[in-house]
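Notes follow once the structure below has been shown.
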Amino acid sequence: MNLDQLDEPFAAEDIEWRIQQSGKTRDGKVWALVLAYVTNRAIMKRLDDVCGKAGWRNEYRDIPNNGGVECGISIKIDS
């Protein structure tokens with residue numbers, strides 16, 4: 001397993017753009033804050049290719065006293 005492959009840039013077709021905020025200035029100009037996201041399919045494929053299908057997993061934990069959920073990724077590394 002070569003974890004350095006996880007650093008490789010994603011292809012343009014694996015990037016989606018979403019408007020985070022938008023509005024109008026006082027002088028009537030329209031503005032938008034746009035964020036780039038890597039698709040979940042591209043991330044899962046990259047992890048499968050580098051770590052193997054059984055070599056990684058998603059992990060979810062409840063955040064105490066918050067009502068939120070924390071999501072992370074674990075990678076199995078054989079020593």
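The values are calculated or read from the model by the stated rules, or taken from the named source; none is laboratory data. Keep in mind the model is a prediction, meaning the values are calculated, not measured. All Cβ positions, even for glycine, are placed from backbone atoms using ideal geometry, and neighbour counts span all protein chains on display.
Looking across the stretch 29-72, not a single residue is in contact with an Asp or Glu (Cβ under 8 Å, 6 or more places away or on another chain), surrounded by 13 or more Cβ atoms within 10 Å (Cβ to Cβ) and either more than 22 Å from Asp4 (Cα to Cα) or without any contact (Cβ under 8 Å) to a residue 12 or more places away in the chain (or both). What about Ile63, is it modelled with pLDDT under 95 and among the β-branched types (Val, Ile, Thr)? Yes. Within the stretch 9-28, the set of residues being in contact (Cβ under 8 Å) with a residue 12 or more places away in the chain and not aliphatic (A, V, I, L, M) comprises Phe10, Asp14, Glu16, Trp17, Arg18, Gln20, Gln21.
Selection within the stretch 1-28: residues that are among the polar types (S, T, N, Q) and under 22 Å from Asp78 (Cβ atoms). The member of this set that is surrounded by the fewest Cβ atoms within 10 Å (Cβ to Cβ) is Asn2. When Glu59, Glu16 are checked against the criterion of being in a strand (DSSP E or B) and touching a Gly at 6+ places or on another chain (Cβ under 7 Å), Glu59 stands alone in meeting it.
Which count do you get for residues in the stretch 42-67 that are among the aliphatic types (A, V, I, L, M) and in contact with a helix residue (DSSP H, G or I) (Cβ under 9 Å, 6 or more places away or on another chain)? Before the answer, list the steps.
At the first step, the residues of the stretch 42-67 found to be among the aliphatic types (A, V, I, L, M) are 42-44, 47, 50, 54, 63.
From what's left, in contact with a helix residue (DSSP H, G or I) (Cβ under 9 Å, 6 or more places away or on another chain): 42-43, 47, 50.
Residues that pass the stated criteria total 4.
On inspection, Ala36 fails the criterion of being in a helix (DSSP H, G or I) and of a type in the set (Gly, Ala, Ser).
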